[in-house]
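One structure below.
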Amino acid sequence: MDRISKAVERARKERENKQGKERSDDKDMGQQVAYTRTRAVNLDRAMLARNHIILEESTPEFSHAFKVLRTQIWRIMKDNGWNSLAVTSCAPDEGKTLISINLSLSLAMMKVNHSVLLVDMDLRHPSVHTRFGLTVEKGINDYLESGVALEDILINPGLGRFVILPGRESVQQSSEILSSARMERLVQEFKSRYPSRIVVYDLPPILSTDDVLVFSPYVDAVLMVVAEGQTTTEDLKRAVGMLKGANLIGTVLNKSEDISTVGY
């Protein structure tokens, strides 16, 4: 075979390989992921609906706001090459955990080739697992303090490309754990090992502890949850001021009485 023929044949094979990969990517996109090492559980979907957790069958009125929110956040993160997001609020009971859950699930439902990991980083008051009705024997604190393997903690609740790293019990020395070398290595592993995975961290309220200040340098961006009729202007100003230097990409208005609007 002469040089020109070899070049043509090589170009043909490269084109076929590229087309085959594109077809494979298209086939995988939006499909379920088969988790071989992560514990999979089947949840009571009626219970999830009662707990205001978004499901594929949720009504458009309920899911629309989160679809708008997730698309805006996904675009910002994609444009900046980011894959980690922290969610916090000013004070307790403003709804930041439910926002973290539904935002994560809504991101996981997108027909794009990524998965979502939700990490319960509210070490003093972990509650993500209770929203899903999960009983957990091991939590992230067991990984950080006792060296338990991650595959023994991670849970796939049977909701698409979505995995939970739950908490288990209250940890009082939370800021010391969050600033530990083991914590930093874990965050870096999440960022580098799975570049197509979006990691959402449910952090405690920023005015309650110094955990957010300790942890925010580890993540690409921060989202602030505020509650209508509950969060004060003074608290919001203090919280935003404490996040100086972090990429605060926006605020979410929760508990709004006007259900026709999307607060972001």
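Residue check: is L107 under 13 Å from Y201 (Cα atoms), surrounded by 19 or more Cβ atoms within 10 Å (Cβ to Cβ) and assigned by TED's automatic domain parsing to the domain that holds E189? Against the criterion (under 13 Å from Y201 (Cα atoms), surrounded by 19 or more Cβ atoms within 10 Å (Cβ to Cβ) and assigned by TED's automatic domain parsing to the domain that holds E189), L107 does not qualify.
The rows are residues; the columns are (1) in the same structural domain as Q188 (by TED's automatic domain parsing); (2) modelled with pLDDT of 95 or more; (3) of a type outside the set (K, R); (4) over 17 Å from S180 (Cβ atoms).
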| site | (1), (2), (3), (4) |
| --- | --- |
| L118 | yes, yes, yes, yes |
| V128 | yes, yes, yes, yes |
| T135 | yes, no, yes, yes |
| K138 | yes, no, no, yes |
| E145 | yes, no, yes, no |
| D152 | yes, no, yes, yes |
| P157 | yes, no, yes, yes |
| R161 | yes, no, no, yes |
| P166 | yes, yes, yes, yes |
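Sub-6 Å Cβ pairs linking a first residue in segment 97-123 that is charged (D, E, K, R) to a second residue that is not in a strand (DSSP E or B), at least 6 apart or interchain, are K111/G30; D120/P126; D120/V128; D120/P166; D120/G167; D122/P204, ordered by first then second residue. Restricting attention to segment 83-93, does a residue exist that is over 26 Å from V187 (Cα atoms), in the same structural domain as P157 (by TED's automatic domain parsing), in a loop (DSSP other than H, G, I, E, B) and touching a residue at least 12 places away in the same chain (Cβ under 8 Å)? So far as segment 83-93 goes, yes, one or more of its residues are over 26 Å from V187 (Cα atoms), in the same structural domain as P157 (by TED's automatic domain parsing), in a loop (DSSP other than H, G, I, E, B) and touching a residue at least 12 places away in the same chain (Cβ under 8 Å). Can you name the residue in segment 186-221 that is small (G, A, S) and within 15 Å of D122 (Cα to Cα) and is also surrounded by the most Cβ atoms within 10 Å (Cβ to Cβ) among such residues? Checking each candidate, the answer is S216.
Rundown of residues vs (1) more than 20 Å from L107 (Cβ to Cβ); (2) out of contact with any Leu (no Cβ under 9 Å at 6 or more places or on another chain); (3) assigned by TED's automatic domain parsing to the domain that holds T59; (4) not basic (K, R), yes/no style:
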{"site": "V199", "(1), (2), (3), (4)": "no, no, yes, yes"}
{"site": "P205", "(1), (2), (3), (4)": "yes, yes, yes, yes"}
{"site": "P217", "(1), (2), (3), (4)": "yes, yes, yes, yes"}
{"site": "R238", "(1), (2), (3), (4)": "yes, no, yes, no"}
{"site": "L243", "(1), (2), (3), (4)": "yes, no, yes, yes"}
{"site": "L248", "(1), (2), (3), (4)": "no, no, yes, yes"}
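The values are calculated or read from the model by the stated rules, or taken from the named source; none is laboratory data. Remember, it's a predicted structure, so these values are computed and weren't measured experimentally. Every residue, glycine as well, gets a Cβ built from its backbone with ideal geometry; the counts of neighbours run over all protein chains shown.
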